[in-house]
Amino acid sequence: MPSFSIYTLGCKLNQLESEALADAFHREGFELLPWGTGGAYGRDCGANRASFAGLLVINTCTVTSMAEQKARRMIRKSLRENPGACLIVTGCYAQLEKAAIEGLDDGSAGNKGNPFPPQPLAPRRLFVVPGDAKSALLELPRFLHDAARADGTIPAGPESEAGDLRSLIEAWVRSREAGGAGDEAGAFRFVPGDFSSHSRGFLKIQDGCDRHCSYCRVTLARGPSVSLSAEKALTGLRGLEEQGYGEAVLTGVNIGQYHDQEGRDLGGLLDYLLAGSNNIRIRLSSLEPDGLNGSLIRALAHPRLRPHFHLSIQSGSPLILGRMGRPYGPDEVEKAAALLRNIKTDPFLACDIITGFPGETTAEFEKTYELCRKIGFAWIHAFPYSRRPGTAAWSFKDPVSEREAAERVAALLRLAKQGRREYISRWIGKEVEAIVEGGDEKNALRVQATSENYLKLLIDVTPPPPSSPPGTVPAPGTLLRCRIRGLPGGEAGQAAGRFDAAAEIAD
Ligand code: SF4
């Protein structure tokens, strides 16, 4: 079977969906190649080109114009550098700009400097599958497998002979286009058999969003909020636990909008999952500050819920929050942080902030900065505002210069680094649970791990914990109790930014 490679832009949800696609192709015998390897896709592989010409997928994002630029650049580069390959583009950008993306394949890519370009222009080898039909791509591997020759090969093309990869994909895309958009259930078919991280499993419980924040294109690309039934979510969680994952990350576009047929909200789902599973720990992706209702707070207090919360705040200025269409103020943000600190011992609190939103004067930004400083976040993900077509904010007046927006991001990043240092210093000498991510290339008796409160740790495993056979280190996904000793290798380690702290196995 041909080789297969996938390139993912955007959020954890997109990454999870790409893992599921890669898994589906792998199960049908496609050779998975890391993106950009096997230059042999190129024209110079002579006789055995057939076995190299492969299938490339780019899973796109539309959150920022930068993400779309990256996608266009990668599409052009892939077409140019892999004249023998077929390219499928899917995801949120493909959902909103199908025609524009299709226009990137003018059939000339790969002919640059070729004195004898084929006439008329080569048939298309760039196929756009909109995001709402992405789940249908899970069927393509089987379709191609069944269409393969008796010897399991699929001719590469692009001479587009019958049965070659390009014309098979052409046929599949046409049949699928006739079938229209994917159904609601399709949104939850992305269940990889295994995760490349091998330490934590991801579980998609929700998709889409019912809000209409004035700057956001996600809700345009992914549609209204849909939720996986609690029963299916529990089956997924139990599956991860049986596979040996010590932790599952519940993900979606806006998991705070989870709502199943039985009327369970996110708090109700967590209660159901915790009651129906044994030992697996649960970590949540982003939460909205105004979404911390009583049932959720009660559920979050459970010891198997990780003390790590990411609040999607965006601004600390009431004026800007109003213009963004965010239904809360700085007081609710402070209250949310206090609630979370009340149910967990010094949890890792992080947040998202958009700087440079239209109308954000220096004074308004200072309100955001002051709110973040006052709450003392352990990390701040700050992004410059990106004007998006199709959003209400597209036509907003009082733009802020890119330079000013970038300076505000830099100021928040400095505050974030200070907050992280202060947070880590509060945990030195304390015991935490951590999940092993993998070995340490620098020291065979050390492992890399992520603590329950989201610190990146280097753990000395001498002597190895009883769960590990002598002379071995704990495998990825293993849960360990350890004591945080200090900064890894002093400031240098910290500066390297790869690890937050050094730790040792707790007695
Ligand atoms: S909550 Fe707002 S920003 Fe988040 S996905 Fe929904 S519309 Fe977009």
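The values are calculated or read from the model by the stated rules, or taken from the named source; none is laboratory data. Just so it is clear, the model here is predicted, and its values are computed rather than measured. With ideal geometry, Cβ positions are generated from the backbone for all residues, glycine too; neighbour counts draw on all protein chains shown. The area values use the complete protein model at the heavy-atom level, side chains included, leaving out ligands, DNA and RNA. Shrake-Rupley method; radii C 1.70, N 1.55, O 1.52, S 1.80 Å.
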Report task. Scan the stretch 277-290 and give yes if some residue there is over 26 Å from the mean Cα position of the chain (by Cα) and within 30 Å of G239 (Cβ to Cβ), otherwise no. Result -> yes
Query raised in the report: What is the one condition in (1) more than 16 Å from the ligand (Cβ to nearest atom); (2) touching a His at 6+ places or on another chain (Cβ under 6 Å); (3) touching a residue at least 40 places away in the same chain (Cβ under 8 Å) that S286 does not satisfy?
Result: (1)
Requested in this report: Would you be able to say whether some residue in the stretch 320-333 is closer than 24 Å to A248 by Cα, open to solvent by 30 Å² or more (accessible area, probe 1.4 Å) and away from the ligand (no atom under 16 Å from the Cβ)?
Outcome: no
Query - Qualifying positions in the stretch 417-463 - hydrophobic (A, V, I, L, M, F, W, C) and part of a helix (DSSP H, G or I) - result: I424, W427
Query raised in the report: For residues in the stretch 233-278 being away from the ligand (no atom under 16 Å from the Cβ) and in contact (Cβ under 8 Å) with a residue 60 or more places away in the chain, which is farthest from L13 (Cα to Cα)?
Result: G244
**Report entry** Residue within the stretch 285-296 that is more than 30 Å from P318 (Cβ to Cβ) and open to solvent by less than 50 Å² (accessible area, probe 1.4 Å) present
**Finding:** no
**Report entry** So V432, is it under 26 Å from the mean Cα position of the chain (by Cα), more than 24 Å from V63 (Cβ to Cβ) and open to solvent by less than 40 Å² (accessible area, probe 1.4 Å)
**Finding:** yes
Query raised in the report: Just for the stretch 232-266: of the residues that are under 21 Å from the mean Cα position of the chain (by Cα) and among the small types (G, A, S), which one is surrounded by the fewest Cβ atoms within 10 Å (Cβ to Cβ)?
Result: G239
Query raised in the report: Within the stretch 212-231, how many residues turn out to be open to solvent by less than 50 Å² (accessible area, probe 1.4 Å) and assigned to a loop (DSSP other than H, G, I, E, B)?
Result: 9
Report summary line: The lone condition L300 fails out of (1) over 23 Å from Q15 (Cα atoms); (2) aliphatic (A, V, I, L, M); (3) within 16 Å of the ligand (Cβ to nearest atom) is (3)
Query raised in the report: Of the residues that sit in the stretch 204-220 and are within 16 Å of the chain's Cα centre (by Cα) and modelled with pLDDT of 95 or more, which one is nearest to the ligand (Cβ to nearest atom)?
Result: G208
Query raised in the report: Among (1) closer than 22 Å to G291 by Cα; (2) open to solvent by 30 Å² or more (accessible area, probe 1.4 Å), where does I313 come up short?
Result: (2)
Query - Filter result (more than 16 Å from the ligand (Cβ to nearest atom) and open to solvent by less than 20 Å² (accessible area, probe 1.4 Å)) within the stretch 334-349 - result: A337, L340, P347, F348, L349
**Report entry** Scan of the stretch 373-416 for residues that are in a loop (DSSP other than H, G, I, E, B), buried (at least 20 other Cβ atoms within 10 Å of the Cβ) and touching a Pro at 6+ places or on another chain (Cβ under 8 Å), ordered by number
**Finding:** Y385, V400
Report summary line: Contact list, first residue from the stretch 206-218 and at positive phi, second anywhere and near the ligand (Cβ under 7 Å from one of its atoms), beta-carbon distance below 9 Å, six or more apart or interchain, is G208/V218; G208/T219; G208/V253; G208/N254
